[in-house]
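The values are calculated or read from the model by the stated rules, or taken from the named source; none is laboratory data. Note that this is a predicted model, so its numbers are computed, not measured. Here Cβ is always computed from backbone atoms with ideal geometry, including for glycine, and neighbour counts include all displayed protein chains.
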């Protein structure tokens with residue numbers, strides 16, 4: 001009989017996979033949000049053909065470029081967090097929890113004052129709930145209570 005070698009590798013809870021899928025969904029939504037304003041303002045056809053600022057105010061073109069740039073940064077940051085999260089790094093859990101809280105706050109403001117993005121809201125709610133599962137917190141070293149059965 002062959003004995004199996006014991007490894008110290010952490011077993012990944014299914015919630016980590018669910019969170020990873022939600023991050024990928026958010027990445028795809030953010031990637032769409034990178035291109036949408038640029039397409040609507042014909043930047044791919046005409047280039048940046050006008051001023052970005054009018055005094056201290058952003059023009060429509062400037063707003064589109066700023067919006068796309070912001071979503072591009074969010075998309076790249078999301079991929080970096082996803083890599084850290086799949087490698088079970090503690091910093092990625094902390095960053096993702098903070099990011100999810102801020103994103104939910106922004107989504108609530110959008111809900112009341114403009115048009116809400118329900119896909120982003122749903123993904124953030126799934127991530128927030130899954131990050132708070134005890135097994136997920138333990139595997140990332142957030143919760144270190146002992147599991148002893150007396």
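Only one of (1) under 28 Å from residue 14 (Cβ atoms); (2) part of a helix (DSSP H, G or I) fails for residue 73. Which number is that?
Unmet for residue 73, out of (1) under 28 Å from residue 14 (Cβ atoms); (2) part of a helix (DSSP H, G or I): (1).
Yes/no matrix, rows are residues, columns are (1) part of a loop (DSSP other than H, G, I, E, B); (2) touching a helix residue (DSSP H, G or I) at 6+ places or on another chain (Cβ under 7 Å); (3) modelled with pLDDT of 90 or more:
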| position | (1), (2), (3) |
| --- | --- |
| 94 | no, no, yes |
| 130 | no, yes, yes |
| 137 | no, no, yes |
| 145 | yes, no, no |
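Do we have residue 18 as crowded, with 17+ Cβ neighbours inside 10 Å and either touching a helix residue (DSSP H, G or I) at 6+ places or on another chain (Cβ under 7 Å) or closer than 30 Å to residue 143 by Cα (or both) here?
no
How many of the residues making up the range 37-70 are in contact with a strand residue (DSSP E or B) (Cβ under 7 Å, 6 or more places away or on another chain) and part of a helix (DSSP H, G or I)?
2
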